Amino acid sequence: MPDHVHDDLRVAVVGAGIMGGDHVRRLTHRVSGARVVSVVEPDADRAARAVADAPGARARGSLPEALARDDVDAVVVASPGPFHEETLLVCLEAGLPTLCEKPLTPDSHGARRVMDAEQKGARPLIQVGFMRRYDAEYRELHALVTSGDAGALLALHCAHRNCSTPPGYVESMMITDSVVHEIDAVAWLAGEPVTAVEVKKPRRNGRAPQGLHEPQLVLLTTASGVLADVEINVNSGIGYQVTTDAVLESAVASIGRTAGITQWRDGRMVTAEHTTYTTRFQAAYDAEVQQWADATRRGVVDGPTTWDGYRAAAVCVAALEAQATGRRVEVEYIDRPAFYAATDGAA
Ligand code: ISE
């Protein structure tokens, strides 16, 4: 793609499940300066539903088939995490800017292979979909912490609650698919890496599917000692809630109470609550994808990079060990290659 794209960015979307389908609609109806030309999805019904939402888009059997048409400027990857590495290597080989949903890869070895391939090019091409950095309240909290107005950040209490898990969701995904959001957000808010992880398992919720011991408490410690406790509770049955209470030296700040209108009726007070991430974070996803499309047309990546994806994957490796053993595990990182700017404050 030329460094400056003047017409619409022509996007291939890989994966048309919940998130991919959502991105196709977003790119078609809410993002300016971009349009979907190809949808790559093995499930024919999903592919048909996605292209029906995007006039002019076609379903393709594979990414190489889509790229062979020579009409793709950029790629959005929204397939399951274990398939990301293979897809990203194809995108990098073709020199295409790519927005990859989290996790970049489920483990840090895969993330390193992607970094190695990316560094063969002239500049970073991949942005990782850590969309919480684009949520208005997360940004306000980030601004409060970085301003220093309320003193240093000391601790974070995070709750991450889903209604229920989809088929195929296994215990490791509590870390690699769900808490990976907090893993990035905590490092971003604290402005420094997570250095150690512990996982505590309270009494098991009998409603959880077989094989899932949950909820769990994931304790993340950062380089200067900020401690974040994350309640991961993915079969809570209560709705979709992501909240953070931040303890600073001279303030406590609370974000994520996003419920809708309150009604008083039949002797009860009822407040609507989100039930899924696509509505809870819709505005954040819209802002993320618009900003990505704008930056891509200017020939830059201005959001979380492969380095942030690698760093989150390294914490996931430690967290999986902590989850399996009950021990506190230190996180091991390679040094940041000069190719990647520090993006703790990016987005
Ligand atoms: C899902 O993949 C997401 O990214 C959601 O934000 C998260 O809440 C959920 O637990 C994940 O499975």
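Would you calculate, for the chain, the mean residue ellipticity at 222 nm contributed by helices, counting each DSSP H stretch of 4 or more residues as -39,500 (n - 2.57) and dividing by all residues, to the nearest 500? Spell out each step's value before the answer.
Values: 10 runs with 111 residues, N = 347.
It lands at -9500 deg cm²/dmol.
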key: Alpha-carbon centroids, segment 296-330 and segment 188-253: separation in whole Å   = 16
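Suppose all protein chains stay in the model; what accessible area per residue would a 1.4 Å probe give for segment 168-311, in Å²?
On the way: 6040 Å² over 144 residues.
Value for segment 168-311: 42 Å² per residue.
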ask   = Any idea of the accessible area per residue across segment 1-145, 1.4 Å probe, to the nearest Å²?
value = 44
key: For segment 113-119, Karplus couplings with θ = phi - 60° (6.51, -1.76, 1.60), whole Hz, Gly/Pro x   = 5, 5, 4, 4, 5, 5, 6
request  = State, to one decimal in nm², a quarter of the convex hull surface area for the C-alpha atoms of the chain, i.e. the direction-averaged projected area.
outcome  = 18.9
query = Under a no-solvent Debye model with one identical scatterer per Cα of segment 230-347, what's log10 I(q)/I(0) at q = 0.17, 0.20, 0.21 Å⁻¹?
reply = -1.24, -1.30, -1.30
task = Could you tell me the largest-minus-smallest coordinate of the C-alpha atoms of segment 118-247 on each of the three principal axes, in descending order and whole angstroms?
result = 44, 42, 28
remark   = For the chain, the percent of accessible surface on carbon and sulfur atoms (probe 1.4 angstrom, ligands and nucleic acids excluded) is 50
query = Looking at the chain, what % of its DSSP beta bridges pair antiparallel, to the nearest 5?
reply = 55
inquiry  = Through the Karplus equation 6.51 cos²θ - 1.76 cosθ + 1.60, θ set to phi - 60°, convert the phi angles of segment 176-190 into ³J(HN,Hα) values in whole Hz; use x for Gly and Pro.
reply    = 6, 9, 10, 5, 4, 4, 5, 4, 6, 5, 5, 5, 5, 5, 7
remark   = So Ala283 and Arg112, fully extended at 0.36 nm per residue minus their Cα-Cα distance, gain in nm 58.5 nm
request  = Could you give the spread of the C-alpha atoms of segment 54-152 along their three principal axes, from largest to smallest, in whole angstroms?
outcome  = 54, 36, 26
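The values are calculated or read from the model by the stated rules, or taken from the named source; none is laboratory data. The structure presented is a predicted model; accordingly, all values stated were derived computationally and were not measured. Surface areas here come from the heavy atoms of the whole protein model, side chains and all, with no ligands, DNA or RNA. Shrake-Rupley method; radii C 1.70, N 1.55, O 1.52, S 1.80 Å.
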